[in-house]
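Written below as C-alpha cells is the structure these notes are about.
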Amino acid sequence: MRRRALLAEALGSLLLFTAVIGSGIMAERLAGGNVAIALLGNTLATGAILFVLITMFGPVSGAHLNPAVTLVMRLRGHLSTRLAIAYAAAQVAGGIVGVWLAHLMFDQPIVELSSKIRGGPGQLTGEAVATFGLILTILGTTRMRPAAVPASVALYITAAYWFTSSTSFANPAITLARSMSDSFAGIAPASVLAFVAAQIVGAIAAHLVAHALFDEPAAATA
C-alpha cells in the first residue's frame, strides 16, 4: 500500500505539473500576446486536471500532490514523519519529470531555468492567502462533505488563479519545478524561497483555523 501511495503521489504530481507547464506554453502560443487569455487557458487546464487526479488518486494516497498538504496532514497525525518525507520527495521528483515532459512535447529545451521574477509584499501575501484557502478547503470539505473534495479543490484553484496576485502556486513542489521552466508558468529560482515560506505560513494558519472550525471538541471530563 505504501508503494502504491508513493507511486500515486509521484505520478499524480507528474501529470499535474505537466498540465500546468504544458497548458501555459500552449496558452501563451495561442493567445497572441493577450496575457488574460493565456492565463484563462492555463487556469481551466489546471482546474480540470486537479479534479481528475484527486478523484483517481485520492483513494490510493489521499492525492496530496503538494508538500504543504502533506505537512498539514503530518501535523494532524494522519501519517508518520517518515512517510511525509517520502511523499514530499515523490511529489518533487515526479513534478520535475512532469516539467521535462512538457518541455519535450512542446520542443523546448528539456532542462532550463526560468527568468521570470516574482515577488514583493503583494505577491507573497497572495501566496499565503492562496495556500491558506487551499488547505482550508481540503480540511473543511473533507470534514463536512468528503465526496465533494475533488470538485472543491479544483474550483478553489480555478478561482485563486484569478483572485490572488501570485496566480496561486500554493504548492512548494510546483514552485520549485516551475523554476525549471522558462515559460508562461515559470518563476525565477531567486523567487522560490520566499514563495515557499509564504506557502508554509498560509498552510499552518489554515491548519490552526481548521482545528477551531471543523475538528470535534474534546469530550469534557467530569
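Condition check ((1) under 25 Å from LEU40 (Cα atoms); (2) surrounded by fewer than 20 Cβ atoms within 10 Å (Cβ to Cβ); (3) aliphatic (A, V, I, L, M)) across all residues:
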residue	(1), (2), (3)
THR81	no, yes, no
ALA89	no, yes, yes
PHE106	yes, yes, no
PHE132	yes, no, no
Of the candidates PHE214, PHE195, PHE132, PHE169, the one satisfying the condition of being under 25 Å from GLU9 (Cβ atoms) and modelled with pLDDT under 95 is PHE214
Of the candidates THR70, THR43, the one satisfying the condition of being modelled with pLDDT of 95 or more and more than 26 Å from MET105 (Cα to Cα) is THR70
Given (1) small (Gly, Ala, Ser); (2) in a loop (DSSP other than H, G, I, E, B); (3) touching a residue at least 60 places away in the same chain (Cβ under 8 Å), ALA38 misses just (2)
With criteria (1) charged (D, E, K, R); (2) farther than 19 Å from GLN108 by Cβ; (3) modelled with pLDDT of 95 or more, ARG3 comes up short on (3)
Filtering segment 138-191 down to residues that are part of a helix (DSSP H, G or I), free of Cβ contacts under 8 Å to residues at least 24 places away in the same chain, closer than 25 Å to LEU208 by Cβ and open to solvent by 30 Å² or more (accessible area, probe 1.4 Å) yields THR142, PRO146, SER152, TYR156, ALA159, PHE163
Might you let me know whether segment 108-128 holds any residue that is among the hydrophobic types (A, V, I, L, M, F, W, C), in a helix (DSSP H, G or I) and either within 17 Å of the chain's Cα centre (by Cα) or surrounded by 17 or more Cβ atoms within 10 Å (Cβ to Cβ) (or both)? yes
Subset of segment 6-40, residues surrounded by fewer than 15 Cβ atoms within 10 Å (Cβ to Cβ) and within 18 Å of ASP107 (Cβ to Cβ), comes to ARG29, LEU30
The residue from THR158, THR141, THR175 that alone is in contact with a Phe, Trp or Tyr (Cβ under 7 Å, 6 or more places away or on another chain) and among the β-branched types (Val, Ile, Thr) is THR175
Of the candidates LEU101, LEU83, LEU134, the one satisfying the condition of being part of a helix (DSSP H, G or I) and touching a Lys or Arg at 6+ places or on another chain (Cβ under 9 Å) is LEU83
When restricted to ALA185, ALA170, ALA205, the only residue over 16 Å from the mean Cα position of the chain (by Cα) and not acidic (Asp, Glu) is ALA205
message = Taking the criterion of being among the β-branched types (Val, Ile, Thr) and either open to solvent by less than 60 Å² (accessible area, probe 1.4 Å) or outside any helix (DSSP H, G or I) (or both), would at least one residue in segment 50-62 satisfy it?
response = yes
By residue number, the members of segment 103-124 that are β-branched (Val, Ile, Thr) and on the phi > 0 side of the Ramachandran plot are none
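The values are calculated or read from the model by the stated rules, or taken from the named source; none is laboratory data. Just so it is clear, the structure is predicted and the values come from calculations on it, not from any experiment. Cβ sites come from the backbone with ideal geometry, for glycine too, and all protein chains shown count toward neighbours. SASA here: full protein model, heavy atoms, side chains in, ligands and nucleic acids out. Shrake-Rupley method; radii C 1.70, N 1.55, O 1.52, S 1.80 Å.
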